[in-house]
1. Look through the range 215-247, keep the residues that are on the phi > 0 side of the Ramachandran plot and under 19 Å from the mean Cα position of the chain (by Cα), and return whichever of them is farthest from ligand 1 (Cβ to nearest atom).
2. Tell me, which residue of the range 71-96 that is among the charged types (D, E, K, R) and more than 28 Å from the chain's Cα centre (by Cα) is surrounded by the fewest Cβ atoms within 10 Å (Cβ to Cβ)?
3. Working only within the range 64-108, note down all residues that are within 16 Å of ligand 1 (Cβ to nearest atom) and in a strand (DSSP E or B).
4. With touching a strand residue (DSSP E or B) at 6+ places or on another chain (Cβ under 8 Å) and over 25 Å from Leu197 (Cβ atoms) as the only criterion, which of Gln297, Gln315 stands out?
5. When the residues of the range 172-231 are filtered to those that are polar (S, T, N, Q) and free of Cβ contacts under 8 Å to residues at least 40 places away in the same chain, which remaining residue is surrounded by the fewest Cβ atoms within 10 Å (Cβ to Cβ)?
6. Hey, any hits in the range 262-283 for a residue that's touching a residue at least 24 places away in the same chain (Cβ under 8 Å), part of a helix (DSSP H, G or I), among the charged types (D, E, K, R) and closer than 27 Å to Ser184 by Cβ?
7. Can Gly147 be described as under 27 Å from Leu212 (Cβ atoms) and within 20 Å of the chain's Cα centre (by Cα)?
8. Consider the range 216-254. How many of its residues are at pLDDT below 95 and within 16 Å of ligand 2 (Cβ to nearest atom)?
Amino acid sequence: MGCCFSARIKAESPPRKDRNSSHDSKEEDGLMGGSSKFSTASVPPTPKHRTEGEILQSSDLKNFTYNELRTATRNFRPDSMVGEGGFGGVFKGWLDEQTLAPAKPGIGIVIAVKKLNQEGSQGHNEWLTEINFLGQLHHPNLVKLIGYCLEDEQRLLVYEFLTKGSLDNHLFRRTTHVEPLSWSNRMKIVLDAAKGLAFLHSDGVKVIYRDLKASNILLDSNFNAKLSDFGLAKEGPSGDRSHVSTRVMGTYGYAAPEYMATGHLTKKSDVYTFGVVLLEIMSGKRALDRNRPGREQNLVEWAKPYLSSKRRIFQVMDARIEGQYLVREAMKVAKIAIQCLSVEPRFRPTMADVVRALEQLQDSSDTGSTSSSSTVPRQHKRSTNESLNGADSSEPR
Ligand SMILES: Nc1ncnc2c1ncn2[C@@H]1O[C@H](COP(=O)(O)OP(=O)(O)OP(=O)(O)O)[C@@H](O)[C@H]1O
Ligand SMILES: [Mg+2]
């Protein structure tokens, strides 16, 4: 969940573990950096404008009792735990499709139950922010929140279950039994995430997400991608204001430089972060990884010089998908990444622009038969160094 940690709270938090990923508590301590979070003050964010009662009453979310969720997850059994983030453990459970009453495993709808294990108001506020936003916002590329539980000290959230877990697990796990994500699935995921963000940024919604990262992109059985974790989301600026002033919160390696420097949050901060995730998807490398050699630790800094060169782009691309894409496709995606990662926010595209560019790319891949070389089966279009010697030709390889 989009939880922020000041250094103090981080030190007090229990070590987190994600059954499906390579995260470990070292990352929380900033030793690996992959998902270490930061914040610059200790005042938790509060959803504005509506009181807690209004937020909880206005949504059509189900208000579960603790007992119902305990039954649905078989007493939060350790073997039903699918992951753990800063908010707490995530458990798999079942509900009756009609009544939403707890059901036996394998019967009814599958749910993911997040159980807050942090003490204090910070966790409560993130829990409430999640309900405030996801209780009102519905889109195919946002995870569906089904309900919540508020009982004594217990705070829980109930979501639709996404079978393939988070993108993080698929991109960064190097195990033999998990197939690397194919290029076409990567492009589908990236387009879905862009659509989710474009929806949030649209005029009728105007929400800044602030916590885009691979672990917050969840995948269903068909690799449809949905954004999750709205604990850090903010209403965008109203009237003539260009930005919202916030304390700086998020995950190291993902945040836009001007946001880090000033705390001024705009939609363009999300666009920058989208650029970072795009690079992660292209490269299969984490935004920040302190296990990599010095100059390679920060993905954006390391990759930027390679992105505009047809000859050098392959240094960035994930070797596990070599041969699945055309050079010109990789270059187009790299161009979108470069634009999103512009240091100057006004040079970044809008998320609607990004959706259009990615859709065009997908259309041209689908109808690639107009180009002579595209008639070659895609798996035979090898991106070897040999084929790149004529590097600046725009012919796909
Ligand atoms: N709706 C869901 N369906 C299936 N699995 C889920 C769902 N929500 C979360 N998970 C699993 O639980 C893991 C932990 O999720 P969570 O959002 O709590 O933490 P995180 O995003 O990994 O970290 P952070 O606290 O930094 O946001 C995810 O990586 C994913 O594997
Ligand atoms: Mg998450």
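1. Ranking the qualifying residues of the range 215-247, first place goes to Phe223.
2. Asp96
3. Passing the criteria: Met81, Val82, Gly83, Glu84, Gly88, Gly89, Val90, Phe91, Lys92, Gly93, Trp94, Leu95.
4. Result: Gln297 is the single residue among Gln297, Gln315 that is touching a strand residue (DSSP E or B) at 6+ places or on another chain (Cβ under 8 Å) and over 25 Å from Leu197 (Cβ atoms).
5. Once the filter is applied, the top-ranked residue is Thr176.
6. Taking the range 262-283 first, the residues touching a residue at least 24 places away in the same chain (Cβ under 8 Å) are 263, 265-283.
Filter again for part of a helix (DSSP H, G or I), leaving 267-283.
Of the ones still in play, those that are also among the charged types (D, E, K, R) are 267-268, 270, 280.
Narrowing the set further to residues that are closer than 27 Å to Ser184 by Cβ leaves 270, 280.
Checking the range 262-283: at least one residue is touching a residue at least 24 places away in the same chain (Cβ under 8 Å), part of a helix (DSSP H, G or I), among the charged types (D, E, K, R) and closer than 27 Å to Ser184 by Cβ.
7. no
8. The qualifying residues number 11.
The values are calculated or read from the model by the stated rules, or taken from the named source; none is laboratory data. Keep in mind that what you see is a predicted model, and the values were worked out from it rather than measured. Ideal geometry is used to build each Cβ from the backbone, glycine not excepted, and the neighbour counts take in all protein chains shown.
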